[in-house]
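Notes for the one structure printed next.
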Amino acid sequence: MSEQHNNKNTVIEIKGLKKNFGEREILKGINFDVHYGEVVSLIGSSGSGKSTLLRCINLLEYPSGGEIYFHGNNVLTKGYDITKYRAKLGMVFQSFNLFENKTVLDNCMLGQMKVLKIDKETARKTSLKYLEKVGMKEYINAKPRQLSGGQKQRVAIARALSMEPEALLFDEPTSALDPEMVGEVMKVIKDLADSGLTMIVVTHEMQFAKEVSNRVVFMNEGVILEDDTPENIFNAPKHQRTKEFLSRSLNQY
Amino acid sequence: MESKTFWDWVSVILDQYWPMFLQGAGVTMLIAMVGTILGFIIGLIVASIRTIPVRPQDHQVKKAVMSVVNFLIAVYVEVFRGTPMMVQAMIVYYGLMEAFNIDLAPLTAAFLIVSINTGAYMAEIVRGGIDSVDDGQFDAAHAIGMTHWQTMFNVVLPQAIRNILPAIGNEFVINIKDTSVLNVISVSELFFVTKTVKGIALRTFETFFIAGIVYLVLTFTVTRILRYIEKKMDGSDSYTIMSSSTMPENGLKIKGGFENR
């Protein structure tokens, strides 16, 4: 595929993205791009559309309008291979969504074998490598129902990594966790960020947004209000709405 | 001769006609088993077709085909759930004979009718099973690039089938009993055989008492076997901690888990 559209280090470029659920407009024309190695935090109050934006990016929700470019090709074009595209974007969910009928190891191997058509031995090796990275190698025989929330989420991250994606999408990865377990998952995500993986993280963890990401996007009522460095967003927000949100989020304890 | 008790008659009838009861029970079990398995396969196919997503961006032809197929499925389910199997048996058996000149063997007709009838119920049961699987499972499978059918076969259906096993067992038990209506098309299942024995022995109460016991034994046995299979399918509640220094066989066994079930 040729790069007809943008410079080489843009992974995803979104133009005028819209999403309606019936009459309700959730996304009202989003323009947004992600470059290689960037860690972007999407913040904003509940209902601001950040999770919907993330789900639109890998087409779990089909956009009502706009364009999504992956390496310069519009993925909403008819005939574009959506499954291949999704395989290149890993996703980690708030509720983990591990395959309940599979063991930890099989959770990581399934996509490699079925989607990437990788042979069993290689898939196993790759899975073990990433399970070790998230500290879950000891549990390869366990079923998801036997794991704690934090362990499940680490396996889910290993499952996404096992596909060796070009970018990872995190949808509130720690929101369903006990406070005690947030740390273990956040540490894994931070290590990934430090390793240079491209990531988009929808999060309510302001600490993470501030310290780990190199860009913070603030969303409000279906539009992007601010898109800037963490320093600028947290120290000098431009919009009143951003100020309100941050002061409420940071002073909640 | 004139002073035989109830139990005397039972033992006389059993003594003389037990091979017939045994054969009838065999035919009943055969029909129930084939009907349940084929019905389950029909239900699986029908319910899976119903899950094919139709999105606004899909081609017009696909949308049209899917709405026709879904309509036919709805008709099938409604008709076969909404009429008695006895009536279906008469219509299929004699209907095929008179309208199309197809002379089915009663046993073949029995397989056909019970399978189609069970399929209509199974379609709804499987649909319930698929609905019981969390949406997140679909999301996760789609997010790693799996197609609809890969998702169904590898992730959703295994979970759905486990969830509906009790209902499938229920259908099996119902089928064992309901094959009795097939006597209207002269299938030599247990009820038909019992009627024959009654005609020879001229004892109604005792003969049907025996048949009742045989039915009970059949259904009870099947229920226990299915319960056992369910337990097996749930697998062990323990798992082995693998560490790089220990071999799997001497790894640490963990009993249970966070959700002990």
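Bear in mind that the values in this text are calculations on the coordinates, not laboratory data. What you are looking at is a predicted structure, and each value in this text was computed from that prediction instead of being measured. Note that each Cβ is placed from the backbone with ideal geometry, even for glycine, and that neighbours are counted across all protein chains shown.
Decide, for region B:42-179, between rounded, prolate and oblate: order the square roots of the alpha carbon gyration tensor eigenvalues as a ≥ b ≥ c, take rounded if a/c falls under 1.5, and otherwise choose prolate if a/b is larger than b/c, else oblate.
Since a/c reaches 1.5 but b/c is at least a/b, the shape of region B:42-179 is classed as oblate.
Taking the simple approach of a point 7 Å from Cα along Cα-to-Cβ for both A:TYR62 and A:ASP178, what is their distance in nm?
4.2 nm
Per DSSP helix of 4 or more residues, -39500 (n - 2.57); summed, then divided by the residues of chain A. What does that give at 222 nm, rounded to the nearest 500?
-11000 deg cm²/dmol
By a straight-distance test (C-alpha under 19 Å), which lysines pair with A:LYS102 as possible cross-link partners, with residues fewer than eight away in the same chain excluded?
Filter leaves A:LYS114, A:LYS117, A:LYS120, A:LYS125, A:LYS129, A:LYS137, A:LYS143, A:LYS152, B:LYS231, B:LYS232, B:LYS253, B:LYS255.
Express in % the proportion of alpha carbon pairs of region A:10-251 at distances exceeding 28 Å.
Roughly 32 percent, rounded to a whole number.
For A:ARG248 and A:GLU166, what is the calculated FRET efficiency with R₀ set at 35 Å and r taken between the beta-carbons, to the nearest 0.05?
0.50
Determine the distance separating the Cα centre of region A:209-249 from the Cα centre of region B:184-243; give it in Å without decimals.
If we compute the Cα centre of each part, the gap is 68 Å.
How much FRET efficiency would the formula 1/(1 + (r/R0)^6) give for B:ASN101 and A:LYS238, where r is the Cβ-Cβ distance and R0 is 51 Å, rounded to 0.05?
Using R0 = 51 Å, I get an efficiency of 0.05.
Give the separation of the Cα centroids, region B:43-108 to region A:72-146, in Å.
38 Å
Using just the helices of chain B, give the 222 nm mean residue ellipticity in deg cm²/dmol: DSSP H runs with n ≥ 4 each add -39,500 (n - 2.57), and the total is spread over all residues, rounded to 500.
Using -39500 (n - 2.57) per qualifying helix, the result is -25000 deg cm²/dmol.
State to the nearest 20 debye the size of the charge dipole of region A:10-251 about its Cα centre, where the only charges are +1 on K and R beta carbons and -1 on D and E beta carbons.
That gives region A:10-251 a dipole magnitude of about 680 debye.
With just the Cα atoms defining each centre, how far is region B:3-27 from region A:33-54? Give it in Å.
77 Å
Tell me which chymotrypsin sites (Phe, Trp or Tyr not before Pro) from region A:56-110 have a DSSP coil assignment and no more than 16 other beta carbons within 10 Å of their own.
Listed in order of number, the matching sites are A:TYR80.
Using Cα atoms only, what is the angle between the long axis of helix B:85-100 and the major principal axis of chain B, expressed in degrees (0 to 90) to the nearest 10?
Orientation of helix B:85-100: about 80 degrees from the principal axis.
Reachable lysines from A:LYS15, Cα under 30 Å, same-chain residues fewer than 8 places away excluded?
Hits, sequence-local ones excluded: A:LYS28, A:LYS50, A:LYS78, A:LYS84, A:LYS88, A:LYS190, A:LYS210, A:LYS238, A:LYS243, B:LYS62, B:LYS63.
Based on DSSP loop calls and a cut-off of at most 13 other Cβ atoms within 10 Å, the longest stretch of chain B free of exposed GluC sites (Glu not before Pro) is what?
B:3-258
Can you give the direction-averaged projected area of the convex hull of the alpha-carbon atoms in the protein assembly as shown, in nm²?
Mean shadow area of the hull around the Cα atoms is 33.7 nm².
A:LYS120 to B:LEU202: FRET efficiency via 1/(1 + (r/R0)^6), r the Cβ-Cβ distance, R0 60 Å, to the nearest 0.05?
The computed FRET efficiency comes out at 0.35.
Run down the lysines and flag those whose C-alpha is under 28 Å from the C-alpha of B:LYS4, throwing out any fewer than 8 positions away in its chain.
Result set, ordered by chain and number: B:LYS195, B:LYS198.
Loop sites only, by DSSP: take the trypsin sites (Lys or Arg not before Pro) in chain A that have at most 15 other C-beta atoms within 10 Å and name the longest stretch containing none of them.
Of all site-free stretches, the longest is A:118-237.
Please report the orientation-averaged projected area of region B:7-260, defined via the convex hull of its C-alpha atoms, in nm².
That works out to 21.2 nm².
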